[in-house]
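Here, each number is a calculation from the coordinates, and none is a lab measurement. Keep in mind that what you see is a predicted model, and the values were worked out from it rather than measured. Glycine gets a Cβ as well: all are built from the backbone with ideal geometry, and neighbour counts include every protein chain shown.
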Amino acid sequence: MAATRGEFSSRFGFVMAAAGSAVGLGNIWGFPTQAASNGGAAFLLVYLALAFTLAYPVLMVELVIGRYAHANAVNALRRISPSAAIGRIGAGVGIAGVVVASLILSFYAIVAGWMIAFGLASVMALMGQHGAAAWLTSFSFSSNVLFMLLFMSLTIGIISAGVSNGIERWSARLMPVLIATLVALVVYVMTLDGAMDGLKVYLLPDFERALSPKLIVAALGAAFFSLSLGVGTMLIYGSYINDNENLPVVGGLVTLVDIMIAVTAGFLVLPAMYVALHNGVEIFTATGQLISEDTLIFTVLPELFATMGIAGIVVSITFFALMSIAALTSSISMLEVPVAYAIEEHNLPRKKAVLVIGGLIALASLTILLNFEALFGFVITFTTRYSQPLLGLALCIFTGWLWHRNTVLKELQKGAPDVAAGWFWKIWPWYIKFFCPVIILAIFAQSIWG
């Protein structure tokens with residue numbers, strides 16, 4: 001079945017695709033700004049400690065379910081259910097994941113369009129076309145629609161080519177470019193005045209602050225969400241993995257790449273903030289809170305680039321190209337979730353499924369833009385703050401409590417015959433059964449009641 005559905009042709013291709021799914025705007029934008037708002041190094045330490053104790057185990061849940069079933073999330077959860085009644089519940093969870101992934105992409109495409117527009121604005125400024133640059137950064141309805149459609153077209157084009165020729169091929173190209181661009185920007189920013197102040201904040205921890213419950217819950221949320229968990233993106237990618245692959249190893253590689261890029265982004269954004277402060281750009285309020293945490297990329301950083309002359313324009317082009325690549329590697333995994341469902345459950349040809357679903361998501365994005373004040377924040381909150389934790393919790397319950405333990409072990413043993421003797425199998429099942437559900441519920445409770 002895996003062969004007819006499509007399959008990743010190499011471990012490198014899978015790791016790049018899965019890491020690309022995980023590495024999105026949240027890693028390069030969200031993680032550094034959360035670190036800046038939560039004690040810098042203290043947040044970094046807690047995040048690193050929790051990434052492997054929470055995010056990695058839940059990632060493995062999705063990969064194991066996906067490869068076992070070699071199917072979309074709806075059919076996969078139906079197959080691992082012990083009864084027909086629970087199977088219907090599993091199918092419902094899978095459909096919810098399809099809907100949530102589509103909704104995430106509907107607002108993600110808008111934000112990604114902004115990244116493309118800001119990058120092109122810097123190109124226009126370099127060419128002396130300041131009127132065009134101003135329009136590109138105006139957040140007008142026409143520019144928002146144009147660049148949302150451009151981004152969705154890029155995503156649709158990649159997904160239309162399939163797993164190996166589309167997702168794997170482009171992920172294997174884009175991810176090395178993303179990493180090289182990120183490292184080059186870090187090296188350059190470190191040469192600027194003020195960067196060392198940001199580096200100290202990022203690397204010198206306040207251990208008292210590291211014990212703050214608010215910081216710990218924030219770091220738990222960052223670790224969980226950084227790997228795109230809960231909506232089935234990693235499950236569907238897992239369904240395209242060869243049966244001979246060692247799942248704990250490839251899951252660990254994906255987690256490592258994801259964490260590495262998030263941490264490296266911190267070396268870019270926090271020093272850049274203090275470079276901006278050194279250049280006269282205000283980044284903190286009178287009470288010490290970070291100004292515009294959610295819109296940092298579109299406020300503080302452009303002001304920083306503006307103080308750097310021609311060099312700032314070049315850095316701006318490079319930075320927003322980086323952000324656009326990060327957005328694209330994530331968006332292709334989001335679109336694949338509903339596309340795989342349409343192909344396998346409703347027998348649609350891939351290209352037709354991609355065009356229909358991509359078009360519907362673009363219409364959802366257009367609806368959000370037409371009702372921006374009411375819908376944009378609501379969709380983000382509904383999907384990332386409420387839906388993802390609950391869907392992640394459901395996946396842990398299905399794997400830890402409902403799926404037969406021996407079946408799980410046999411699936412892992414396909415690519416790792418000695419897995420039962422190692423620490424992974426001694427710890428992971430209990431983590432998924434008890435620890436992860438409690439922590440996910442804690443994140444969910446924090447998101448509701450603060």
Sorted from largest down, give the three principal axis spans of the alpha carbons of segment 351-447, whole angstrom values. 56, 40, 20
Taking amide H atoms as placed 1.01 Å from N in the peptide plane, list the residues 5 or more away in sequence, or in a different chain, whose amide H sits under 5 Å from that of GLY162. ILE167
If amide H atoms are modeled at 1.01 Å from N in the peptide plane, then the residues at a separation of 5 or more from LEU348, or on another chain, having amide H under 5 Å from its own are ILE343
Please provide three numbers in whole Å: the alpha-carbon extents of the chain along the principal axes, with the largest listed first. 63, 52, 40
Answer with one residue from THR33, ALA223, ILE65: the one whose Cα lies farthest towards the positive end of the charge dipole of segment 2-378, charges on Cβ with Lys, Arg +1 and Asp, Glu -1. ILE65
Run a plain Debye calculation on segment 266-353 (Cα atoms as equal point scatterers, no solvent) and give log10 I(q)/I(0) at q = 0.13 Å⁻¹, rounded to two decimals, same order as the q list. -0.58
Reachable aspartates and glutamates, given that their alpha-carbon falls under 15 Å from the alpha-carbon of LYS214 and they are not under 8 places away in the same chain: ASP206
Using the Karplus curve 6.51 cos²θ - 1.76 cosθ + 1.60 with θ = phi - 60°, what ³J(HN,Hα) values do you get for each residue of segment 381-392, in whole Hz, with x for Gly and Pro? 5, 4, 7, 8, 8, 9, 6, 4, x, 5, 5, x
Taking the Cα centre as origin and putting +1 on Lys and Arg beta-carbons and -1 on Asp and Glu beta-carbons, what dipole magnitude results for the chain, to the nearest 20 debye? 1180 debye
From the residues ILE158, LEU296, TRP114, which one has its Cα farthest along the dipole of segment 2-378 in the positive direction, the dipole being from +1 and -1 charges on Cβ of Lys/Arg and Asp/Glu about the Cα centre? ILE158
Say each of THR285 and GLU303 gets a label point 7 Å from the Cα, pointing the same way as Cα to Cβ; how far apart are those two points in nm? 1.5 nm
Report, ordered by chain and residue number, the aspartates and glutamates lying within cross-link reach of LYS352, taken as a straight Cα distance under 14 Å and ignoring same-chain residues fewer than 8 apart. GLU336, GLU344
Which whole-number percent is the relative contact order of segment 2-378 (Cα, under 8 Å, 6+ apart)? 37 percent
Between the alpha carbon centres of segment 1-53 and segment 68-144 the gap in Å comes to 16 Å
Leading residue at positive end of dipole, segment 318-450 (Cβ point charges), from TRP425, LEU375, LEU391: TRP425
Looks like segment 333-395, by Cα gyration tensor root eigenvalues a ≥ b ≥ c and the a/c under 1.5 rounded cutoff (else prolate when a/b is bigger than b/c, oblate otherwise), is oblate
In straight Cα distance, which lysines are under 27 Å from LYS410, not counting same-chain residues fewer than 8 positions off? LYS426, LYS433
Hydrodynamic radius by Kirkwood for segment 94-168, inverse mean 1/r across distinct Cα pairs, in Å, is 13.8 Å
